[in-house]
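Enquirer: Take this structure, written in structure tokens, and hold onto it; I'll ask about it next.
The values are calculated or read from the model by the stated rules, or taken from the named source; none is laboratory data. Remember, it's a predicted structure, so these values are computed and weren't measured experimentally. All Cβ positions, even for glycine, are placed from backbone atoms using ideal geometry, and neighbour counts span all protein chains on display.
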């Protein structure tokens with residue numbers, strides 16, 4: 001059936017890997033031929049398949065011996081995290097962090113996604129499925145541990161270790177989001193009179209929007225994943241031991257801490273958005289006040305210049321009867337009258353507190 005070293009995965013169509021667990025923490029590699037020849041008396045079988053590969057789909061539907069409803073559930077396109085008991089077996093759907101292929105983009109960023117992992121366990125074998133383009137580190141690390149002699153010994157422990165690694169892979173994503181919030185807080189608290197202030201505001205708004213969308217997407221799946229693992233550690237399957245339930249309970253506690261961590265990040269982003277809105281409103285108010293003061297000054301200046309302008313307009317008309325037309329002191333008289341009128345207007349504006 002193979003050797004004890006960890007062989008390459010994905011060599012045969014549809015089969016990422018298959019291994020026979022010896023109950024002592026070690027595993028032996030298997031091929032499609034070994035999977036077809038496997039008998040329950042051989043030991044615990046773990047088969048990991050590519051859900052969207054025709055060869056894997058045919059094996060699940062025809063050769064696996066699974067109930068038709070179970071087979072279709074395992075091959076479903078996209079499902080939320082859940083746990084269903086069928087006989088003495090468990091149908092499990094979880095969500096895990098996957099590295100995306102080059103150029104792919106997800107709700108979590110440019111290079112990672114939160115993708116489904118379908119599992120079936122019945123005490124004699126564990127069947128797991130994920131899409132071809134997904135790379136779930138949780139499964140890879142569990143398999144490598146088995147080939148190092150540090151893997152799971154029981155089917156319940158296989159589920160507990162996969163759940164543990166699926167959950168622990170979320171922590172770097174949450175840490176990255178927390179660092180983003182810290183950086184955005186520093187940007188908001190910078191001097192609001194900076195030369196490129198408006199550009200910074202647009203950047204902060206865009207990054208805050210992306211961060212909140214990411215938090216919503218994560219929360220959408222972490223909450224049902226919490227419910228799924230809660231139900232998993234409470235299921236009354238004959239092959240789930242008390243040790244398995246303790247491990248699953250620890251996984252659940254860790255997931256609950258991560259959900260609280262995510263909620264704290266979301267709340268900080270909401271407060272940060274409110275602070276940014278307050279800063280923008282304050283800046284708009286200062287700008288409006290400055291414009292209003294400038295407008296008042298210009299209005300006052302126009303009012304002060306109104307008497308001279310009116311006098312100049314009247315005396316400039318080409319009609320008879322213009323006073324002091326021939327008097328050498330006429331210009332002086334008009335200058336004095338205009339100054340007195342402007343002074344009167346100035347005093348009136350000051351009394352009314354318009355300037």
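Enquirer: For residue 83, indicate whether it is in a strand (DSSP E or B), closer than 30 Å to residue 222 by Cβ and at pLDDT 90 or above.
Expert: Working: in a strand (DSSP E or B): yes; closer than 30 Å to residue 222 by Cβ: yes; at pLDDT 90 or above: yes.
Judged against the criteria, residue 83 is a match.
Enquirer: Does segment 302-325 hold any residues that are surrounded by 10 or more Cβ atoms within 10 Å (Cβ to Cβ) and either in a loop (DSSP other than H, G, I, E, B) or touching a strand residue (DSSP E or B) at 6+ places or on another chain (Cβ under 6 Å) (or both), and which are they?
Expert: Scanning segment 302-325 gives 322, 323, 324.
Enquirer: All but one of (1) in a strand (DSSP E or B); (2) farther than 26 Å from residue 8 by Cα; (3) in contact with a strand residue (DSSP E or B) (Cβ under 6 Å, 6 or more places away or on another chain) hold for residue 96; which doesn't?
Expert: Condition (2) is where residue 96 drops out.
Enquirer: Quick check on residue 170: is it modelled with pLDDT of 90 or more, closer than 29 Å to residue 86 by Cβ, in contact with a helix residue (DSSP H, G or I) (Cβ under 7 Å, 6 or more places away or on another chain) and crowded, with 19+ Cβ neighbours inside 10 Å?
Expert: Yes.
Enquirer: Looking at 272, 255, which one is in the same structural domain as residue 94 (by TED's automatic domain parsing), modelled with pLDDT of 90 or more and crowded, with 18+ Cβ neighbours inside 10 Å? I'd like the intermediate steps shown before the answer.
Expert: Working: 272 fails: modelled with pLDDT of 90 or more.
Answer to the check: 255.
Enquirer: Being in a helix (DSSP H, G or I), touching a helix residue (DSSP H, G or I) at 6+ places or on another chain (Cβ under 8 Å) and either on the phi > 0 side of the Ramachandran plot or not assigned by TED's automatic domain parsing to the domain that holds residue 201 (or both): is that true of residue 339 here?
Expert: So residue 339 fails the test.
Enquirer: Now, a different point. Just checking, which of 278, 312 is under 30 Å from residue 175 (Cβ atoms) and either touching a helix residue (DSSP H, G or I) at 6+ places or on another chain (Cβ under 9 Å) or assigned by TED's automatic domain parsing to the domain that holds residue 179 (or both)?
Expert: Working: 312 fails: under 30 Å from residue 175 (Cβ atoms).
After ruling out the rest, the residue left standing is 278.
Enquirer: Here's a follow-up. For residue 240, state whether it is touching a helix residue (DSSP H, G or I) at 6+ places or on another chain (Cβ under 8 Å) and either not in a helix (DSSP H, G or I) or not assigned by TED's automatic domain parsing to the domain that holds residue 121 (or both).
Expert: Spelling it out, residue 240 is indeed touching a helix residue (DSSP H, G or I) at 6+ places or on another chain (Cβ under 8 Å) and either not in a helix (DSSP H, G or I) or not assigned by TED's automatic domain parsing to the domain that holds residue 121 (or both).
Enquirer: While we're here: Sort out which residues of segment 283-296 are touching a residue at least 12 places away in the same chain (Cβ under 8 Å) and either more than 21 Å from residue 345 (Cα to Cα) or touching a helix residue (DSSP H, G or I) at 6+ places or on another chain (Cβ under 9 Å) (or both), and write them in order of number. Before you say what the answer is, go through the steps one by one.
Expert: Initial filter on segment 283-296 (touching a residue at least 12 places away in the same chain (Cβ under 8 Å)): 283, 296.
The one that is touching a residue at least 12 places away in the same chain (Cβ under 8 Å) and either more than 21 Å from residue 345 (Cα to Cα) or touching a helix residue (DSSP H, G or I) at 6+ places or on another chain (Cβ under 9 Å) (or both): 283.
Enquirer: Can you go through 228, 223, 278 and tell me which one is in a helix (DSSP H, G or I) and under 30 Å from residue 189 (Cβ atoms)?
Expert: 278
Enquirer: Assuming residue 213 fulfils every condition listed in (1) in a helix (DSSP H, G or I); (2) over 25 Å from residue 176 (Cα atoms); (3) out of contact with any helix residue (DSSP H, G or I) (no Cβ under 8 Å at 6 or more places or on another chain) apart from one, which condition is it?
Expert: Among (1) in a helix (DSSP H, G or I); (2) over 25 Å from residue 176 (Cα atoms); (3) out of contact with any helix residue (DSSP H, G or I) (no Cβ under 8 Å at 6 or more places or on another chain), the lone unmet condition for residue 213 is (2).
Enquirer: Given the criterion in the same structural domain as residue 65 (by TED's automatic domain parsing), crowded, with 16+ Cβ neighbours inside 10 Å, at pLDDT 90 or above and within 20 Å of the chain's Cα centre (by Cα), identify the matching residue among 184, 159, 108, 94.
Expert: Testing whether each residue is in the same structural domain as residue 65 (by TED's automatic domain parsing), crowded, with 16+ Cβ neighbours inside 10 Å, at pLDDT 90 or above and within 20 Å of the chain's Cα centre (by Cα) leaves just 94.
Enquirer: To continue, here is another question. So residue 299 passes all but one of these: (1) surrounded by 10 or more Cβ atoms within 10 Å (Cβ to Cβ); (2) free of Cβ contacts under 8 Å to residues at least 24 places away in the same chain. Which condition number does it fail?
Expert: Here residue 299 meets the rest and fails (2).
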